[in-house]
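Down below is the structure, laid out as structure tokens.
The values are calculated or read from the model by the stated rules, or taken from the named source; none is laboratory data. Computed from a prediction, not measured in an experiment: that's the story for all the values here. With ideal geometry, Cβ positions are generated from the backbone for all residues, glycine too; neighbour counts draw on all protein chains shown. Quick note on the areas: whole protein, heavy atoms, side chains included, nothing else; ligands and nucleic acids left out. Shrake-Rupley method; radii C 1.70, N 1.55, O 1.52, S 1.80 Å.
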Amino acid sequence: MASNAFSHSLLPQFTSPSSSPFSNRTSLRPISRSPSLSTPSITHQTLFITNCSSPPSDNNNNITSKDQTPIELRFPAFPTVLDINQIREILPHRFPFLLVDRVIEYNPGVSAVGIKNVTINDNFFPGHFPERPIMPGVLMVEAMAQVGGLVMLQPEVGGSRENFFFAGIDKVRFRKPVIAGDTLVMRMTLIKLQKRFGIAKMEGKAYVGGEVVCEGEFLMAMGNSE
């Protein structure tokens, strides 16, 4: 009986139109439309959208634009300081032993950076090795020595193609194999020059994809060809 009386006493509060929750919600609508209450609410919403949604959209645009760039347009080509014809004018080497295709940086008598495009058509791959084409280490050293020749075979340095020889190598290390399809980038730097004895000492490093694959010290002799 007590519970029934309690429920009956609450029933009029929820059934009367003036006290219904829905009627209260309806009665607040005109108040929420007043300028004094609605303007701050709109301003707060605008600031929230601006501060939270704009940076992610910018980042997404940057990532999307980068991903949409074709891979053939992402990497610039090596510059050309000396092309193959200019290289042939300096070096006496010819096929199949000319192992420098392009010079991309050149300081006569100081340093040079040359590249060798390693392709499956190179004549040493059928024998080294038929099942795994690896560029021979001795040919990497020879290619680096030829870049050194480009540094030294200058009148102001005292060398010429008739009396310039590869005299020796020290501290040579092969770090990684070079295979068909790689681009061998070789830097040769003059360390010491003794014109009296006709000896030049050079430091060389070869890279593939920014990683050192071969390095060593080279001796060049500028003497009599006989």
For this session: Answer yes or no as to whether Pro136 is more than 24 Å from the chain's Cα centre (by Cα) and within 23 Å of Gly210 (Cβ to Cβ).
Result: yes
Problem set entry | Filter result for Leu193 (surrounded by 14 or more Cβ atoms within 10 Å (Cβ to Cβ) and under 31 Å from the mean Cα position of the chain (by Cα)) | no
Problem set entry | Odd one out for Val138, checked against (1) open to solvent by less than 70 Å² (accessible area, probe 1.4 Å); (2) under 16 Å from Phe97 (Cα atoms) | (1)
Exercise. Restricted to the stretch 88-102, and to residues that are of a type in the set (A, V, I, L, M, F, W, C), open to solvent by less than 100 Å² (accessible area, probe 1.4 Å) and within 21 Å of Val138 (Cα to Cα), which residue is modelled with the lowest pLDDT?
Worked result: Leu91
For this session: Check the stretch 107-114 and report whether any residue there is open to solvent by 10 Å² or more (accessible area, probe 1.4 Å) and either free of Cβ contacts under 8 Å to residues at least 60 places away in the same chain or more than 20 Å from Met202 (Cα to Cα) (or both).
Result: yes
Exercise. Do we have any residue at all in the stretch 140-158 that's assigned to a loop (DSSP other than H, G, I, E, B) and closer than 21 Å to Val213 by Cβ?
Worked result: no
Problem set entry | Selection from the stretch 75-106 of residues that are part of a loop (DSSP other than H, G, I, E, B), in contact with a Lys or Arg (Cβ under 9 Å, 6 or more places away or on another chain) and within 20 Å of Phe166 (Cα to Cα) | Leu91, Pro92, Arg94, Leu98, Leu99, Val100, Asp101
